[in-house]
Each structure stands twice: as C-alpha cells, then as structure tokens.
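The values are calculated or read from the model by the stated rules, or taken from the named source; none is laboratory data. Every value quoted in this text rests on a predicted model; they were computed, and no experiment measured them. Neighbour counts are summed over all protein chains in view; Cβ atoms, including those assigned to glycine, are modelled from backbone coordinates with ideal geometry. Just so you know, the surface numbers come from the protein's heavy atoms only, side chains and all, with ligands and any DNA or RNA stripped out. Shrake-Rupley method; radii C 1.70, N 1.55, O 1.52, S 1.80 Å.
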4 protein chains.
Amino acid sequence: MQYLKEEIRNNIIAAALEEFTKKGYQDASMRVIASNAGIAIGSVYRYFKNKDELFNSIVDPIYTSFTSMILELYQTEGVISRMHSIAKEITDKVMEFYEEHEAILLILIDKSKGSKYENIKEELIRLLNYRLKNELGPIFKETGVKLQDEYILYVVAASFIEGFFMIINKYKNLSMMKEMINQLLIVYFDDFHKRFQ
Amino acid sequence: MQYLKEEIRNNIIAAALEEFTKKGYQDASMRVIASNAGIAIGSVYRYFKNKDELFNSIVDPIYTSFTSMILELYQTEGVISRMHSIAKEITDKVMEFYEEHEAILLILIDKSKGSKYENIKEELIRLLNYRLKNELGPIFKETGVKLQDEYILYVVAASFIEGFFMIINKYKNLSMMKEMINQLLIVYFDDFHKRFQ
Amino acid sequence: MQYLKEEIRNNIIAAALEEFTKKGYQDASMRVIASNAGIAIGSVYRYFKNKDELFNSIVDPIYTSFTSMILELYQTEGVISRMHSIAKEITDKVMEFYEEHEAILLILIDKSKGSKYENIKEELIRLLNYRLKNELGPIFKETGVKLQDEYILYVVAASFIEGFFMIINKYKNLSMMKEMINQLLIVYFDDFHKRFQ
Amino acid sequence: MQYLKEEIRNNIIAAALEEFTKKGYQDASMRVIASNAGIAIGSVYRYFKNKDELFNSIVDPIYTSFTSMILELYQTEGVISRMHSIAKEITDKVMEFYEEHEAILLILIDKSKGSKYENIKEELIRLLNYRLKNELGPIFKETGVKLQDEYILYVVAASFIEGFFMIINKYKNLSMMKEMINQLLIVYFDDFHKRFQ
DNA sequence: AATGAATGAGCATTCATTCAT
DNA sequence: GATGAATGAATGCTCATTCAT
C-alpha cells in the first residue's frame, strides 16, 4: 500500500496547493481540500495531523531553503557596485526558486497569513535592504550623497519586492516574466544613487 | 448622562485596534475585544451597533480623508512629469489625517479583508496607474519610449502605494514623514520616462 | 410622592398596553415600554418585578372577572331555548366587558401567547360549547336531530368566538360593533337546529 | 453511505415537530431540537441547512398541497350556492395531505409566525372571502338581500377556516373528518343567503 | 428614587477535528 | 485503512434583568 498512500498524499497536497493559493492559509477549508483530493475529510487527518501540519509540509522545505538562500545572500560580500546588480543578484536567485517551486513559493510569500511563515516576505526585504545599505554606502560616500533616513532604502526594498512578486504572479511565460523583472530592476535601480543628488 | 462614557468607548476602540491589528477584520473576535476592554460582550453593542460599525468608526475617517486626498491629488494636471512641484501638496494633505494614523492606517490597508474597505489599496493603485498611463503617454510618445507591456506601470503604481503606506505608518513626526514621501516621489518618478530609453 | 408614583405607574401601564397590543406578550420589548412611558428601563422594574408581572397586573383583574363571568354563565340554567339566544347572552356579557376594558380584553384574548393566560379564549369557547350542548339537547331530541359527533358544536362555538373578536377588534364605533355581532349571531345561530335536519 | 441516516433525520424531525408545536417557529430553539433528537447541535446542520429549511421541509409539503387544494376548490364554479355538491370534492382533496397532517398542519397554521408561511391562514381567508363575495353577489341581488357591511363575509370566511382546521386537526380517521367537514359546510353555508333576509 | 450602563445567558450558525463503523 | 457522521467550541448578536451611581 506504500504506492497508493503516496498517490493519495500527493492528491491531498495538490488539492491543498490549489486551495491555499485560492484562499490563503487561514481561509482554506479542510473539507474543500479533502473533496478536491477525492477522499474523505477523515482521511486527510491520516496523512496530516491537522491543517497546520498540512500547510507546513507543503511549505516548510521551500521555506527552509529559501531562508538559507537569504542567509547566503547576506554573506555575499561587495561583489557588486550598483543597486541594479544587487537587486538582480537577489531576484535571479528568487527566480531560480520560483522555477522550481512555483505555486508553493507564491503561497509562502502571499498566502501564509495566520501561519508561522507569515513573516517570510519581510525577511527577504530585510536582506535586500541590508545589501542595499551596505553596498551603496561607499558609493553614496563617494558621490557625496547623504540620506536623511536610511529607512527610505527599506521602503524601496519592500516595494521592489512587492512589485517583483506581482510580476511573478502575473506571468506564466517564464521569458516574459524575466523581461518584466528586468525592466522593473531598471525602473527601480538604474542610476539609483543619482536620484539622491 | 446623555452620552455614553467616553472612557469606555476609548477602551473598546483601543481593544478593537489591538484585535483588528492582530487578527484582521474577519478573524477579530468581538468577545476578545470586549474582554480586553474589560467589559461584557453585550456592552460593546451599546457603543457600536455591530462589528462592522465598530470597524468602520475606527477606520472610516482615515479612509475618507485619505481617498479624497488621493483623488484631489491626481486630478491636479501635470502631476507626474513634475513630481517635485507636487510633493509639497501631497505632504500637506497627509497632515490632515495624520493624528490618528498609526495602527488605523495599517488596519485599513492591510487588515480590512472581509469589510467594505478590502479593496481600498487596489482602488488607489488603479487610480495612480490610470494617471501614470494618461500623463506619461504623451511624454513617452515624444521621447520615443515604447513599453513592452503597460503592466509595468501598474506594478510601479502598486509598489509606490506600498512604499507610501510604509512611510505613513512609520513616522509620527509629520515633517519627517513629508520629507520621506518627498524622497520616495523622487526615487520613483524623477525623470521617470528616461528609465525606459 | 404617592401621587407621582401613581402617575408613572399609569404611564407604564399605558405604554405597556400599547406595546402588548402591537406585538403581543412575547414579542413586546421592555425597553420600548419604558421609552414610551418616558422613563428609564431600570425604573420599570421598580414598579413591576419583571415583564411577566407587568403583564399580569394589567391583565389579571380582567382575567379574573372574565373567568368568573364565564363561570356564572355556566350556571345560568335553561332560560333560553334558542341557540341565537344562548350566544347572545354570552356575547352581551362579553360586550359589557369590552365596553369597560377594551384594549385589555383584546390583549387577554389574542395577545397573551407565552403568558399564563394564553388559554382564556379556549375557556370561553368551552363555555359556549357547554351551553350549546346542554340547551340544544332537548331541542335536538324534540326535532329528531341526531349529531354524529358533538365536536361540531365545539367547532361552531370556537369559530363563532373567533368571528366575534374579529368584529370587536375591527370596529371602534360601538353601535356598528353591536350591529355586526347581531348579524353574526343570525348567520351562525338562526334556526340552527334546522341545519342538521 | 451515500445518504444520511434516515433514523437520525426522523429523530430531528420528531424533535423539531415537538419544539415547533410547543414554542412556534420563532421561539423554537435549534439547541433544544438537537438535544431532544439526542445529537450535537452541529449535526442538525448536516441534515438541514438552517432553521428555516428544517421548518420548511416539515411544513412545505403540507403547505403546497393544501394551498393548491384550496385554490382548485374555489375555481370550481357555483360552489357556494350548492355547498352539498362540493362537500365530497373537498373531503376527497383533504385525503391527499392527510397522512402527515396532525402536528404539522397545526404548526403551519398556528405556529409559523416569523417564517414565510405566517400569512397562510389569512391568504386562505381572503381567497374564500373573495369567492363568497363574487358568487353570493348575484344571489343576494336576486333575492333582494343587502349587506350593511361586507366585512361580515370576511368574518364568516375567517371563522369557517378556523373551524375547518379544528376538524382537520382533530380527527385521525379520514371518513369521520370528511363527515365533519361536510357538516360544517352545511352549518355555515346551507341556504346562506336566506339568513340575511 | 431614578437612571441607564453593564451584564450574561441565550440565540443560530460554522468548521477543524475526532471516532465508530 | 478509509469513511463521513458527529462533535462542540467558537462566532456575532439580542434583550430581560440588575446594580452602581
């Protein structure tokens, strides 16, 4: 029965994916998931202890490697001298993730409210912010730019991430997606420091 | 006593603020609000007709002045191409709903799912997007810029709004807030069309 | 303060009368009564222990004399030889009551559901039924009428009472009321026994 | 198991019947029904979507056949002036919804306040009143009868309906029921116009 | 004495979770 | 193992009654 079990488990996960994507963690219905998986509600609880654990088992592997990727990116040092490049490095990595995990990443980012993952987006923002701050520092110094409040960089990071995931969400065609993200990078970060002069 | 006790009303609002912030409109519990306000559940309903009205009375003043501010702002002609000149106008308007902004604005924007305000952010985005499209159109034509996909403007509008609210929520000091919004406008829109060349 | 108290008590009773008439015992609102009496809700409870007792103090005197009237009418013996006359005797007495108590009698009869008086109408029906049965017996015997089931008399009594109170409810003009009841008596009871031949 | 357990459904209906009879639609408690049915409150909602639907599924079949019966009956011409001839027709129709009548019919007629059926009795009365007026008109004219107030016909209609339901509710034996209704028709309508001369 | 704010048991309904079959 | 009926705590809300002022 090992084979059958695996298949059912996958059905549940597929149905859960759909339901979490449509309604988010909190509003997702276990009954709908069971029904879409073609099994009885009681059976879902044989495979997953509860709603929380079902969500976690879908999202946790991606969460884990996503956060470790973030950590790694924190540690990449000053290779890059332009905002555009910093952001591009990060978005390229996230895109790699997306290509591999698609729906799950999107759930993790935008549909995890109420779960323990609801802060993942903020962590990503903090990464970008950290990198922007650290690596723009010298450039700003060099060009005599003085920020009144570094929070502006955090805001830029956050809103860029927002825009980034909007594009990820919108396009199914991967090359279009990349094109758009590229454009977004330009709009956001090209000659970034000059805007403060 | 002709009027209800202001202190209790304030307790309810404080408890509601906390609960709405923590759980969002939909998941907020009237019982929890009552309990945190130190009163019986029935008493909440002496002060506010129902959950909806409790939410509205917290959120509506901010909603109203905020949307009218945004509307006014974007009916001003030539706004986008000379962002500097309107920065002051915007920041002045922001003053109007500043006093109570903190948690309330956060709730309005991010915790209003299930209430009549749930689309407020999107409406603002659409408005800004519309203005961007209309007013940048001639400039783009003139300068030979051709967008591959106008969705990029929607993304820019959405992420600007995101950033805008982040700033609004962050600062208690009004002049700092103005300053930051001014800066955000520059980062986003200064020589905007040139980024596409 | 004795005088003032009496006046307030009367105001409450007047307001209660109106509310009980409009909504019936069960659906009547203590708040509405207090408000229409021009006093605070708490004060109603100084004059009447609870809703039940308020209702009772309005209705009980009428109930008591009404039932004792019914009892009396049970004991009036065979004075009357025609259905019409039996019913007329009863309705005349009830009309006397009505002239004296108007709204209260109507509340007692039709708006007392949920209170301990809810069966008063049935008692009246039973009286009429009893009288019809007893006094028609000889006439039926004489004329060779044989009822298959005496319940028909109960039904006639009940529906007559129903019609009687419909008329009482409908007309404000007393002579019109009497006229109509007279007509109803004819329709119901004139040559009553002949209908069974 | 494709269908819900018939036995539990019947328990719910039995408990609901008892509760609706005792308290009427509005005051009936779903909790009490659940408890008397020996199940949890949540379970009632597996069998019936809500209180309304529980009430409807009990009452609607009777409502439907009853109203259609009455409608049919009074589209038959010449009904009123020759009541005898239609007595059989009526009693035959009554048979159709006899089996489940008892408590249900009582509920429909007298305990449905607050539900969509609350006006059923009045509708029937109006219908009968309309037919009485229309079909007695020519007869009255012919025989020179002049009513002082047509409301008397409404009262007759109303009290007849009252008596009709009393009989329906009283008898379990169908032929007795027919017999009684037949008798009631005679008492009410035989040589009806002559009573006004 | 009078007030009316406060109370809390009660209502219908939902849904994640359990458990007898 | 699988099922889905059963559970019951929790929800928003009402209103007769109480009680501090």
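Overview of values
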{"item": "Considering residues of region A:144-159 that are assigned to a loop (DSSP other than H, G, I, E, B) and more than 15 Å from B:I168 (Cβ to Cβ) only, the residue nearest to the other protein chains (Cβ to nearest Cβ)", "result": "A:Q148"}
{"item": "Qualifying residues in region D:4-37 (those that are near DNA strand F (Cβ under 7 Å from one of its atoms) and open to solvent by 50 Å² or more (accessible area, probe 1.4 Å)) - the one farthest from the other protein chains (Cβ to nearest Cβ)", "result": "D:K5"}
{"item": "Region B:38-50: number of residues that are touching a residue at least 24 places away in the same chain (Cβ under 8 Å) and within 12 Å of DNA strand F (Cβ to nearest atom)", "result": "6"}
{"item": "Test: residue in region B:130-140 that is out of contact with any strand residue (DSSP E or B) (no Cβ under 8 Å at 6 or more places or on another chain), within 10 Å of chain A (Cβ to nearest Cβ), closer than 25 Å to B:I62 by Cβ and in a helix (DSSP H, G or I)", "result": "no"}
{"item": "Set C:E162, C:E118: member being within 17 Å of the chain's Cα centre (by Cα), closer than 26 Å to D:K121 by Cα and in a loop (DSSP other than H, G, I, E, B)", "result": "C:E118"}
{"item": "Inter-residue pairs, beta-carbon under 6 Å, first assigned by TED's automatic domain parsing to the domain that holds D:S43 and in region D:5-20, second charged (D, E, K, R), 6+ apart", "result": "D:F20/D:K111"}
{"item": "Evaluation of D:K49 against (1) assigned to a helix (DSSP H, G or I); (2) open to solvent by 60 Å² or more (accessible area, probe 1.4 Å) (one fails), failing number", "result": "(1)"}
{"item": "Pairs where the first residue, in region C:21-34, is within 25 Å of C:I168 (Cα to Cα) and the second is in a helix (DSSP H, G or I) and of a type in the set (F, W, Y), C-beta under 6 Å, 6+ apart", "result": "C:Y25/C:F55; C:A28/C:F20"}
{"item": "Residue under evaluation C:S112, criteria (1) more than 12 Å from chain D (Cβ to nearest Cβ); (2) in a helix (DSSP H, G or I), criterion not met", "result": "(2)"}
{"item": "Residues within region C:167-178 that are crowded, with 20+ Cβ neighbours inside 10 Å and either free of Cβ contacts under 8 Å to residues at least 60 places away in the same chain or touching a strand residue (DSSP E or B) at 6+ places or on another chain (Cβ under 8 Å) (or both), tallied", "result": "1"}
{"item": "Members of region B:141-180 that are more than 17 Å from A:E162 (Cβ to Cβ) and hydrophobic (A, V, I, L, M, F, W, C)", "result": "B:V145, B:L147, B:L174, B:M176, B:M177, B:M180"}
{"item": "Count of region B:181-193 residues which are more than 9 Å from chain A (Cβ to nearest Cβ) and more than 13 Å from B:G163 (Cβ to Cβ)", "result": "1"}
{"item": "Residue within region C:179-190 that is of a type outside the set (A, V, I, L, M, F, W, C), within 26 Å of D:Y171 (Cα to Cα), in a loop (DSSP other than H, G, I, E, B) and in contact (Cβ under 8 Å) with a residue 40 or more places away in the chain present", "result": "no"}
{"item": "Whichever residue in region A:52-74 is open to solvent by 40 Å² or more (accessible area, probe 1.4 Å) and closer than 13 Å to A:S112 by Cβ and, among such residues, is farthest from DNA strand E (Cβ to nearest atom)", "result": "A:Y63"}
